[in-house]
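Student: Quick one: structure below, then a few questions.
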Number of protein chains: 2
Amino acid sequence: MYAVKAMPRPRSLTPARLADAALAVLDRDGLAGLTMRAVGAQLGTSTMGLYRYVADRDELEALVVERVLDRVDTRPPLDVPWPDGVRELAGRVRHAVGAHPAVVPLLPAHRHRSPAILRWGEAVLAVLTRAGFTGTGRVVAFRALLGYVVGAIQMEHLGALAGPGTAAIAALPRDEFPLLAETARDAGAVGPEDEFGGGLDLLLDGLARRLDT
Amino acid sequence: MYAVKAMPRPRSLTPARLADAALAVLDRDGLAGLTMRAVGAQLGTSTMGLYRYVADRDELEALVVERVLDRVDTRPPLDVPWPDGVRELAGRVRHAVGAHPAVVPLLPAHRHRSPAILRWGEAVLAVLTRAGFTGTGRVVAFRALLGYVVGAIQMEHLGALAGPGTAAIAALPRDEFPLLAETARDAGAVGPEDEFGGGLDLLLDGLARRLDT
DNA sequence: GTTGTAGGAGTACGTAGTACGCCTACAACG
DNA sequence: CGTTGTAGGCGTACTACGTACTCCTACAAC
């Protein structure tokens, strides 16, 4: 029947351990430091040994992204008003990513293939559906939320008004960019949490208005 | 006084020509094809010659981004209702980037340093200010718009619901991601233009509500 | 023990970015 | 019109990356 001649040697690593090692390297040395050699060293194994577990560097990056994202609780909060549910889900992603800022540049490229993000999307849709969104309205709502969350998280960690970028903008030639300079100064009074939440609330208000009519 | 002993040889390239060459390579061969050697070849000059004009590859990328973005008209449309002004400005950026999709992955990293984006931001703020936004409310409004535009453009070109990603998601196991599958199917009826505009309208509605109260 | 499979390590190749040094073209001066 | 100083242009070469390939070895079933 089945020629069960021999069982191969058991695997000594797990994808999870690999992802943890890569994430440790990423947190320590940043994106530029995330090389196959560095991850191999982190695991105490050879560089090429990694290729027993991932096809290429791209797949390793995907593992890291997934490792960060699958810590978000993707159970849809259906026991609260729907705007609070969306806020909660968005906040969970923001929080998980905030713990590992160096993965931010990797997110856009690996978002599609991440099961964790798919589960998250399913949860968002559950909340939206429960709220009464259907059809194309739900498509637009979902896309808008996803776009905002992705964009806002990037803004936060690559610094435009928040973070180091603020100072740079505040120092702009005031005669050429008077409003930017003024806004950058005002931004000092708004924490990153409030910026993220404030923008999200704008979207949620817009969505609520769609439900009323 | 000034020992004006000798005038150096005049430059044979301009940053603009360099940027055009790099953009041509980017459009033709994609981001992975954008190498110093390829751009040198495109210009008919040597690889190292580029370093007379840029400090490193990063700066060359910044030139490309700037080349794409400085085609957007950044005069604030103040002669229309403010939501239309914002829509116009957002659409201009989306349109400019859409002409060179390969620059999308470069945008987040180079956004801070781009004079064109700063001018654009100044225009957005002019519209918002004219509409009546001030202080922290204006900060949040601006950040939200910027975040949405950046995020939505990336979603559009890296494909989540729109583009090739849609098919992938529509083919998901329906029992595990029923709502995502359904939404992906619904998304077929919504063009990218409508998705972008629809989400933006949600934000604008939310903003309008802030002005009423 | 024997055997088949797959793991692990090391070597080596192609290509990227870029430091460095030589030669040369040009503008200002005599 | 020759001289001269500066910077441009080019080529070479170094380093680090991703990764293909080849050996050797550890293990589970017989």
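Student: What does the highest-first list of B:48-61, A:84-97 look like by mean Cβ count within 10 Å? Walk me through the numbers on the way to the answer.
Tutor: Values: B:48-61: 15.4, A:84-97: 19.4.
Ranking the peptides B:48-61, A:84-97 by packing returns A:84-97, B:48-61.
Student: Treating the beta-carbon of each Lys and Arg as +1 and of each Asp and Glu as -1, no other charges, what is the dipole magnitude of the stretch B:15-69 about its Cα centre, to the nearest 20 debye? Numbers along the way, then the final one.
Tutor: Details: 6 positive and 8 negative charges, 44 e Å.
The dipole magnitude comes to about 220 debye.
Student: For the protein assembly as shown, which whole-number percentage of the solvent-accessible area (1.4 Å probe, protein heavy atoms only) is attributable to carbon and sulfur atoms?
Tutor: On the way: 11260 of 20240 Å².
Ligands and nucleic acids excluded, carbon and sulfur reach 56 percent.
Student: Give me a single rounded figure for A:173-185: the average over its residues of other chain Cβ atoms within 10 Å of their Cβ. Numbers along the way, then the final one.
Tutor: Values: counts 0, 0, 0, 4, 6, 4, 12, 7, 2, 6, 15, 3, 1.
Going residue by residue through A:173-185 and averaging, the value is 5.
Student: Another question, then. Accessible area per residue of the protein assembly as shown at 1.4 Å probe, in Å²? Before the final figure, lay out the partial values.
Tutor: Details: 20240 Å² over 426 residues.
It amounts to 48 Å² per residue over the protein assembly as shown.
Student: Here's a follow-up. Rank B:L207, B:V86, B:S114 by how far each Cα sits towards the positive end of the charge dipole of the stretch B:82-212 (+1 on Lys, Arg Cβ; -1 on Asp, Glu Cβ) and give me just the farthest.
Tutor: Farthest along the dipole direction, towards plus: B:S114.
Student: Also, quick follow-up: Along Cα-to-Cβ, 7 Å out, sits the label point; list in nm, shortest first, how far the one on A:R75 is from those in the other copies.
Tutor: Taking the point 7 Å beyond Cα along Cα→Cβ, the inter-copy spacings are 5.8 nm.
Student: Identify the residue of chain B whose Cβ lies closest to the rotation axis that maps chain B onto chain A, and give that distance in whole Å.
Tutor: Residue of B nearest the axis onto A, distance in Å: B:G151, 1.
Student: Peptides A:174-185, A:103-114, B:116-127: what's the order by average Cβ count within 10 Å, highest mean first? Intermediate results must be reported in sequence, preceding the final value.
Tutor: Numbers: A:174-185: 17.4, A:103-114: 19.0, B:116-127: 22.1.
In decreasing order of mean packing, A:174-185, A:103-114, B:116-127 become B:116-127, A:103-114, A:174-185.
Student: Right, another one. Compute the long axis of helix A:115-131 from its Cα atoms, compare it with the longest principal axis of the Cα atoms of chain A, and write down the angle in degrees, 0 to 90, nearest 10.
Tutor: 40
Student: Take peptide B:118-126, look around each residue's Cβ out to 10 angstrom, count Cβ atoms belonging to other protein chains, and average those counts. Working shown, then result.
Tutor: Details: counts 5, 3, 0, 8, 8, 1, 3, 7, 2.
Whole-number average of other-chain Cβ neighbours for B:118-126 is 4.
Student: Could you report the buried accessible area between B and A, both sides summed, computed with a 1.4 Å probe and given in Å² to the nearest 100?
Tutor: On the way: alone 12630 and 12630 Å², together 20240 Å².
That pair hides around 5000 Å² of surface in total.
Student: Label position 7 Å from Cα toward Cβ: report the copy-to-copy distances for A:D175 in nm, one decimal, ordered from shortest.
Tutor: In nanometres, ordered from closest: 7.1.
Student: Taking each residue of B:130-142 in turn, how many C-beta atoms of other protein chains fall within 10 Å of its C-beta, and what is the average? If you can, show how the numbers build up before the last one.
Tutor: Working: counts 0, 0, 0, 1, 3, 5, 9, 3, 5, 14, 13, 4, 10.
Partner-chain Cβ atoms within 10 Å, mean over residues of B:130-142: 5.
Student: Cα axis of helix B:135-158 to longest principal axis of chain B: angle in degrees, 0 to 90, nearest 10?
Tutor: 80
Student: Taking the Cα centre as origin and putting +1 on Lys and Arg beta-carbons and -1 on Asp and Glu beta-carbons, what dipole magnitude results for the protein assembly as shown, to the nearest 20 debye? All intermediate terms of the calculation are to be shown ahead of the outcome.
Tutor: Working: 48 positive and 50 negative charges, 279 e Å.
The calculated dipole for the protein assembly as shown is roughly 1340 debye.
Student: Once the label point is set 7 Å along the Cα-to-beta-carbon vector, what list of distances in nm do you get between A:A24 and its counterparts in the other copies?
Tutor: Label-point distances to the other copies, shortest first: 4.9 nm.
Student: Something else about it: Given only helices, namely DSSP H runs of n ≥ 4 each adding -39500 (n - 2.57), what is the per-residue ellipticity at 222 nm of the protein assembly as shown, to the nearest 500 deg cm²/dmol?
Tutor: Values: 20 runs with 276 residues, N = 426.
Only helices count here, giving -21000 deg cm²/dmol.
Student: Is the C-alpha gyration tensor of the protein assembly as shown telling us rounded, prolate or oblate? Criteria: a/c under 1.5 is rounded; beyond that, a/b larger than b/c is prolate, otherwise oblate. Mind dumping the intermediate values first?
Tutor: Values: a/c = 1.80, a/b = 1.06, b/c = 1.70.
The shape class here is oblate.
Student: Please give the charge dipole size of the stretch A:76-212, origin at the Cα centre, charges +1 on K and R Cβ atoms and -1 on D and E Cβ atoms. Round to the nearest 20 debye.
Tutor: Details: 13 positive and 15 negative charges, 142 e Å.
It works out to roughly 680 debye.
Student: Peptides A:141-152, B:13-24: what's the order by average Cβ count within 10 Å, highest mean first? It would help to have the intermediate numbers written out before the result.
Tutor: Working: A:141-152: 26.2, B:13-24: 17.4.
So the peptides A:141-152, B:13-24, ranked by packing, come out A:141-152, B:13-24.
Student: Relative to the first principal axis of the alpha-carbon coordinates of chain B, what is the inclination of helix B:178-187, with its axis defined by its Cα atoms, in degrees from 0 to 90 and to the nearest 10?
Tutor: For B:178-187 against chain B, the angle is about 70 degrees.
The values are calculated or read from the model by the stated rules, or taken from the named source; none is laboratory data. These numbers were taken from a predicted model, which means no experiment stands behind them. Virtual Cβ from ideal backbone geometry, glycine too; neighbours counted across all protein chains shown. Accessible surface is based on the protein model in full, side chains and every heavy atom, while ligands, DNA and RNA are left aside. Shrake-Rupley method; radii C 1.70, N 1.55, O 1.52, S 1.80 Å.
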